[in-house]
Amino acid sequence: MFKIEKSTFEKQAPSDVTFPRNASLSSSLQFKAVRDYGISAWGPLFRLSCLKKESVPLSLPQLLEEQDTIALKYPNNGTDPFSKGGFIVSRRVGNAVVRNRVKRRLRELYRLERMHVLPGLWLVFIATPQAASASFAQLREEWYRLSKKLSLF
């Protein structure tokens with residue numbers, strides 16, 4: 001009989017090949033802040049929006065305290081040396097399988113490039129229907145073009 005050691009199942013993926021939870025935007029308020037106060041660059045495959053710390057109006061932290069939320073704070077409140085990303089893939093892109101594939105590709109692209117982005121930024125990727133048929137190399141090329149336009153490096 002084949003015996004499997006328990007430690008085989010308990011192994012965790014190395015942190016450099018995973019996308020940590022604290023690397024993504026988790027609240028609709030965070031997405032709204034990027035939309036309302038951030039800057040954007042458009043491409044044929046996706047739109048990249050960015051909220052820089054100096055772009056946050058002074059009234060935003062007070063507004064957040066009034067709403068009593070922990071999820072939305074200043075970008076880079078000193079606890080995370082990296083930026084955070086969020087991904088929006090609407091139903092116009094395709095069915096659930098296609099949308100999830102696009103979201104996985106964008107998430108992987110961001111995971112690979114996250115360490116090169118300036119710290120303290122919130123980024124939102126909004127996929128277009130053309131992203132469904134794009135290769136990973138095309139998405140990466142679009143990322144470099146848009147991030148250069150937004151001065152993310």
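Read the figures in this text as sums done on the coordinates, not as results from a lab. Note that the structure is a prediction, hence the values are computed from the model and not measured. Here the Cβ positions follow ideal geometry from the backbone for every residue, glycine too, while neighbour counts run over all protein chains shown.
The modelled label-to-label distance between SER151 and SER133, using points 7 Å beyond Cα along the C-beta direction, is 3.7 nm.
Length gained on full extension, ARG104 to SER24, computed as 0.36 nm times the residue gap minus the Cα-Cα distance: 27.5 nm.
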